[in-house]
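Everything below concerns the one structure shown next.
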Amino acid sequence: MTPKMKRFCEYYVGEADFNGAKAARMAGYKEKTADRTAYENLRKPEIKNLVSKLSDELYEIIRNNRIKYLKKLDKSACFNIKDYFKDGSLQKIEDMPDDVSFTITKFKTIRKKDGEEYDTIDEVVTLDKLKAIEMMLKLQGQYEEHIPQEVIIRIGYPDDEDKI
């Protein structure tokens with residue numbers, strides 16, 4: 001297999017998004033013959049094998065990322081406010097486990113003077129639990145958007161039955 005053919009395979013599975021002519025042009029084949037070259041290349045056994053191998057690798061990366069993000073979303077949807085505290089005090093973010101600190105989107109410390117003393121207030125904003133659940137369901141293909149539907153109700157009277 002030539003280096004150009006190998007590039008064709010990589011572009012075909014990658015940036016060209018399984019568009020043969022586009023992959024051929026990106027790999028350096030002539031613009032005029034890109035369609036024909038892609039067709040011929042995709043019929044060659046060594047190219048078929050490499051495309052299959054690269055597709056499998058890409059699928060595995062996507063699957064692993066999907067699992068990784070599902071786990072993060074699950075933690076976001078199910079986090080417990082108690083996870084932020086230790087011995088009754090808010091933990092420092094650097095002391096929190098990664099999956100707990102991941103759920104924090106904003107952290108702010110406010111110091112207010114109350115007479116002679118300062119009060120410290122920590123404000124923590126977290127990910128939206130409902131949004132995380134919705135995203136998890138979408139990733140798993142279990143979420144359907146609510147689509148308003150039109151309902152027509154015909155009201156008739158016994159005398160009008162033959163007119164309907």
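The residue pairs whose first member lies in the stretch 111-122 and is surrounded by 10 or more Cβ atoms within 10 Å (Cβ to Cβ), whose second member is of a type in the set (Val, Ile, Thr) and outside any loop (DSSP other than H, G, I, E, B), and whose beta carbons are closer than 6 Å, counting only pairs six or more residues apart or on different chains, are Asp122/Thr109.
Filtered by the rule that a residue be loosely packed, with under 12 Cβ neighbours inside 10 Å and more than 19 Å from Tyr59 (Cα to Cα), the stretch 1-46 gives Thr2, Pro3, Gly28, Lys30, Glu31, Lys32, Arg43, Pro45. Regarding the stretch 65-72, can at least one residue be identified that is at pLDDT below 80, over 30 Å from Tyr12 (Cβ atoms) and either part of a helix (DSSP H, G or I) or in contact with a Gly (Cβ under 7 Å, 6 or more places away or on another chain) (or both)? There is at least one residue in the stretch 65-72 that is at pLDDT below 80, over 30 Å from Tyr12 (Cβ atoms) and either part of a helix (DSSP H, G or I) or in contact with a Gly (Cβ under 7 Å, 6 or more places away or on another chain) (or both). Residues of the stretch 67-94 that are of a type outside the set (Lys, Arg), over 21 Å from Glu134 (Cβ atoms) and surrounded by 10 or more Cβ atoms within 10 Å (Cβ to Cβ): Asp83, Tyr84, Phe85, Leu90, Gln91, Ile93.
Every residue, every condition in (1) part of a strand (DSSP E or B); (2) out of contact with any Lys or Arg (no Cβ under 6 Å at 6 or more places or on another chain), yes or no:
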residue	(1), (2)
Ala77	no, no
Lys82	no, yes
Thr105	yes, yes
Lys113	yes, yes
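Which residues, taken from the stretch 25-44, are assigned to a helix (DSSP H, G or I) and either in contact with a helix residue (DSSP H, G or I) (Cβ under 8 Å, 6 or more places away or on another chain) or more than 14 Å from Phe8 (Cα to Cα) (or both)?
Just the residues of the stretch 25-44 that are assigned to a helix (DSSP H, G or I), to begin with: 25-27, 34-41.
Within the stretch 25-44, Arg25, Met26, Ala27, Ala34, Asp35, Thr37, Ala38, Tyr39, Asn41 qualify.
For the stretch 132-143, filtered to residues that are in contact with a Leu (Cβ under 9 Å, 6 or more places away or on another chain) and exposed (fewer than 13 other Cβ atoms within 10 Å of the Cβ), the residue that is modelled with the highest pLDDT is Gln140.
The values are calculated or read from the model by the stated rules, or taken from the named source; none is laboratory data. Here the structure is a predicted model, which is why all the values come from computation and not from measurement. Reconstructed Cβ throughout: ideal geometry from the backbone, glycine too, with neighbour counts over all protein chains shown.
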